[in-house]
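The values are calculated or read from the model by the stated rules, or taken from the named source; none is laboratory data. Keep in mind that this is a model prediction, so the values were computed, not measured. Glycine gets a Cβ as well: all are built from the backbone with ideal geometry, and neighbour counts include every protein chain shown. All accessible areas refer to the heavy atoms of the entire protein, side chains included, with ligands and DNA or RNA removed. Shrake-Rupley method; radii C 1.70, N 1.55, O 1.52, S 1.80 Å.
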Amino acid sequence: MVGDTCDDPRVTSPEQLELVQQARARVRSARPKPVEPLAERDPVARVVVDVSLPHLDRTFDYSVPAAMSEAAQPGARVRVRFSGRLVDGFVAERISHSDHAGALARLARATSPEPVLTPQVAAVGRAVADHYAGVLADVLRLAVPPRHAAAEAKASPEPQLPPGAPGPGPWADYPAGPAFLRAISAGKAPAAVWTALPGPTWPTAVATAAQTALAAGRGALVVVADARDVARVSGALAEVCGPGQHVVLTADLGPAERYRRFLALSRGSVRCVVGTRAAQFAPVRDLGLAVVWDDGDDLHAEPHAPYPHVREVLRLRAAAEGSALLVGGHAMTAEGRLMIDEGLAHAVAPARGTLRGLAPLVRPAGDDSELGRDPAARTARLPQLAWRTAHKALASGPVLVQVPRRGYVPSLACAACRTPARCPTCAGPVALASGHAVPHCRWCGRPAGRFTCRECQGDKLRAQVVGAGRTAEELGRAFPGVPVRTSGRDGVLAVVGPEPALVISTPGAEPVAEGGYVAALLLDGWALLDRPDLRASEETLRRWLAAAALVRPGSEGGRVVVMADAGHRAVQSLVRWDPSGAADRELADRRELGFPPVTSLAEISGAPAGVADLLAAAELPEAALILGPQLEESPGGGGRGRRASVAGAEGRVRAVIRVGRGDVPALARSLAVAQAARSARKALDPVRVRMDPADIG
């Protein structure tokens with residue numbers, strides 16, 4: 001290479017020259033390098049490293065070089081050397097000296113001076129991790145989006161002047177509504193469980209409450225289940241609070257746009273946000289109101305560790321930041337009812353007279369009065385009452401048809417003995433994708449054209465469950481000339497017009513109709529009510545109320561027909577439009593049986609050896625009860641020190657630990673300690689821990 005010379009005459013070849021250069025490089029590297037000075041003030045940074053190992057769930061001390069002192073402030077991102085590799089982390093705090101006896105490693109790099117982890121979010125993240133027996137690094141991964149340098153370099157908009165204090169608006173229809181707004185305006189921290197009136201006014205009510213917090217100089221955070229509700233609340237916020245007063249934060253935003261909006265909240269240029277569960281940790285300045293709408297929706301349960309629920313996260317945020325809390329929906333969950341019973345929240349409900357004026361008329365298809373006209377009213381999928389209601393309603397507007405199952409025919413059975421059809425290869429359910437398709441397995445996708453029943457040897461198939469696609473096809477033939485529109489997983493409609501149409505929708509995908517639906521048909525109620533799930537009745541009523549709330553008031557001709565047993569408690573609650581009474585009865589039953597939310601459950605799942613190992617290591621509370629078909633107590637067990645045996649089991653197993661509400665912190669702490677111990681000794685069988693899982697069967 002040019003410039004590579006040596007004045008030693010003994011060096012006569014390129015190979016010798018290379019050896020000389022290597023020797024000189026070793027000499028230079030052996031020379032002591034100048035030590036870069038440390039920061040003069042608070043030269044130690046406590047860092048939360050992005051490592052999900054339970055036994056490393058704490059902060060680690062690092063020295064702060066003077067050159068990084070300005071950037072490595074609390075909340076900023078840094079890179080540190082950890083276990084021989086570079087990892088990301090957040091500066092939790094700066095301190096003057098460390099308790100560590102040895103020498104401290106130095107920060108490798110200050111990634112950005114932006115304080116993206118606010119002290120409030122860090123404190124709530126720690127509380128959430130402790131409550132769910134999780135790791136803080138996992139919570140912060142949910143709370144802080146990845147950095148986007150270009151978005152960070154752009155300046156955020158100037159803060160807007162807060163809007164003026166609003167009037168009560170839709171809250172005037174609730175006896176306790178104006179008082180709730182006054183408490184927010186006074187800077188207090190009220191908590192309320194709100195059962196909303198049917199109709200389109202709930203987004204305006206949410207926006208009015210948010211404007212009340214903004215007018216008081218504080219922030220507002222609204223979390224809803226899906227993008228359609230985000231759009232509805234965002235439109236109401238723009239109308240009530242004015243432009244530029246809020247941002248939308250959802251997981252499907254691009255990385256640059258999501259980070260830009262996150263920074264607008266972190267820097268305080270915007271103090272109001274609406275979004276899906278991606279917004280539950282949004283860094284709202286001086287939070288004054290936290291809202292979760294439709295808290296029973298399973299989309300509010302985070303599918304990633306430590307599996308927090310939005311309702312619980314916002315409850316912890318409200319308590320930590322001194323903000324108001326509003327848990328709302330057309331239905332009421334047992335958790336919401338328990339908050340009222342324990343004095344943790346006030347009930348905000350409409351007066352019965354107001355409710356009767358806005359609710360549609362609901363009729364079950366199989367009640368006694370209808371059986372005289374139609375003997376098949378209880379067994380037919382579309383009895384005469386449903387046909388008459390739809391036919392009359394289609395003369396003046398759209399009709400909503402709610403179908404619990406998506407697809408065409410998602411489940412087939414033997415036509416002779418009704419035994420469910422199963423794939424001969426993997427034993428999965430056999431389904432039909434269309435009227436001209438060959439039956440196929442929903443699991444492995446193999447065709448199942450040649451069917452032989454394993455019970456009666458029959459070779460004919462019949463539909464066991466009818467999906468939304470088949471329903472749309474049947475209704476299209478029954479009502480010729482009427483447009484049929486579908487809304488579901490393959491395409492969700494946000495809005496439909498006021499003209500006559502049949503709108504076939506799966507639960508949760510119902511579009512809003514301009515002017516409201518004239519009628520709604522709630523099909524196959526048994527498919528929802530007969531599910532082997534603790535929340536089957538509660539979830540069914542929630543889905544029915546959400547659909548019926550889109551129908552015009554009964555005084556304007558709005559009708560709802562529900563195809564289910566008229567005597568079922570959920571059906572009667574829908575007929576009376578009594579979500580609070582239904583939640584009260586649901587909670588009473590769970591209290592009698594010792595089910596959540598009166599008690600708390602922890603689900604432990606994994607390989608048999610791993611589950612047994614964790615249960616053996618955990619110091620469970622005295623009254624903890626281990627449940628599960630794969631587990632058995634050892635002789636003489638009872639109380640502390642019980643052990644479970646899962647020897648010989650194959651595949652994944654599950655154990656459920658039940659404790660009283662007072663023992664929840666102790667249970668979470670014991671499971672976290674046991675997970676940390678297994679992590680420290682590098683146990684090979686991973687085990688998943690979920691506190692209060694929403695989908696427990």
* Can you tell me which residue in the range 338-358 is most open to solvent (accessible area, probe 1.4 Å), limited to those that are touching a strand residue (DSSP E or B) at 6+ places or on another chain (Cβ under 7 Å) and part of a loop (DSSP other than H, G, I, E, B)? -> Leu344
* **Only one of Val438, Val465 that is in contact with a helix residue (DSSP H, G or I) (Cβ under 8 Å, 6 or more places away or on another chain) and of a type in the set (A, V, I, L, M)** => Val465
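Here are some residues: Ala122, Ala165, Ala155. Which one is more than 30 Å from Ala192 (Cα to Cα) and hydrophobic (A, V, I, L, M, F, W, C)?
On inspection, the qualifying residue turns out to be Ala155.
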* Asked: In the range 239-270, how many are of a type in the set (D, E, K, R) and in a loop (DSSP other than H, G, I, E, B)?
  -> 2
* Asked: What do you reckon, is Glu499 surrounded by 22 or more Cβ atoms within 10 Å (Cβ to Cβ) and either of a type in the set (S, T, N, Q) or assigned to a loop (DSSP other than H, G, I, E, B) (or both)?
  -> no
* Sole residue being within 27 Å of Leu528 (Cβ to Cβ), outside any loop (DSSP other than H, G, I, E, B) and open to solvent by 20 Å² or more (accessible area, probe 1.4 Å), chosen from Gly435, Gly469 -> Gly469
* For the range 558-573, enumerate the residues that are open to solvent by 30 Å² or more (accessible area, probe 1.4 Å) and either at pLDDT below 95 or outside any strand (DSSP E or B) (or both). => Asp565, Gly567, His568, Arg569, Gln572
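Could you tell me which residue of the range 195-204 is surrounded by the fewest Cβ atoms within 10 Å (Cβ to Cβ), considering only residues that are in contact with a helix residue (DSSP H, G or I) (Cβ under 8 Å, 6 or more places away or on another chain) and touching a residue at least 60 places away in the same chain (Cβ under 8 Å)?
Gly199
Yes/no matrix, rows are residues, columns are (1) open to solvent by 20 Å² or more (accessible area, probe 1.4 Å); (2) basic (Lys, Arg); (3) in contact with a strand residue (DSSP E or B) (Cβ under 7 Å, 6 or more places away or on another chain); (4) in contact (Cβ under 8 Å) with a residue 12 or more places away in the chain:
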position: Glu93; (1), (2), (3), (4): yes, no, yes, yes
position: His97; (1), (2), (3), (4): yes, no, yes, yes
position: Ala101; (1), (2), (3), (4): yes, no, no, no
position: Ala110; (1), (2), (3), (4): yes, no, yes, yes
position: Pro115; (1), (2), (3), (4): yes, no, no, yes
position: Gly125; (1), (2), (3), (4): no, no, no, yes
position: Ala129; (1), (2), (3), (4): no, no, no, yes
position: Tyr132; (1), (2), (3), (4): no, no, yes, yes
* Which of the residues belonging to the range 271-296 are farther than 22 Å from Leu181 by Cα, part of a loop (DSSP other than H, G, I, E, B), open to solvent by 10 Å² or more (accessible area, probe 1.4 Å) and not β-branched (Val, Ile, Thr)? -> Gly296
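Take Ala215 and tell me if it is over 18 Å from the mean Cα position of the chain (by Cα), open to solvent by less than 10 Å² (accessible area, probe 1.4 Å) and more than 26 Å from Ala76 (Cα to Cα).
Here the answer is no, as Ala215 does not meet what is asked.
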* Asked: What tally of residues in the range 69-85 results from selecting those that are over 13 Å from Thr59 (Cβ atoms) and either of a type outside the set (A, V, I, L, M) or open to solvent by 70 Å² or more (accessible area, probe 1.4 Å) (or both)?
  -> 10
* Is it the case that the range 595-612 has a residue that's aromatic (Phe, Trp, Tyr) and free of Cβ contacts under 8 Å to residues at least 60 places away in the same chain? -> no
* Structure fact -> Scanning the range 447-466 residue by residue, those open to solvent by 60 Å² or more (accessible area, probe 1.4 Å), without any contact (Cβ under 8 Å) to a residue 12 or more places away in the chain and part of a loop (DSSP other than H, G, I, E, B) turn out to be Arg450, Thr452, Gln457, Asp459
* Can you name the number of the only condition in (1) open to solvent by 30 Å² or more (accessible area, probe 1.4 Å); (2) within 35 Å of the chain's Cα centre (by Cα); (3) closer than 25 Å to Glu152 by Cβ that Val47 fails? -> (1)
* Among the numbered conditions (1) assigned to a loop (DSSP other than H, G, I, E, B); (2) free of Cβ contacts under 8 Å to residues at least 60 places away in the same chain; (3) open to solvent by less than 60 Å² (accessible area, probe 1.4 Å); (4) under 26 Å from Gly397 (Cα atoms), tell me where Val482 comes up short. => (2)
* Does the range 251-264 contain any residue that is open to solvent by less than 20 Å² (accessible area, probe 1.4 Å), more than 18 Å from Pro163 (Cβ to Cβ), of a type in the set (D, E, K, R) and modelled with pLDDT of 95 or more? -> no
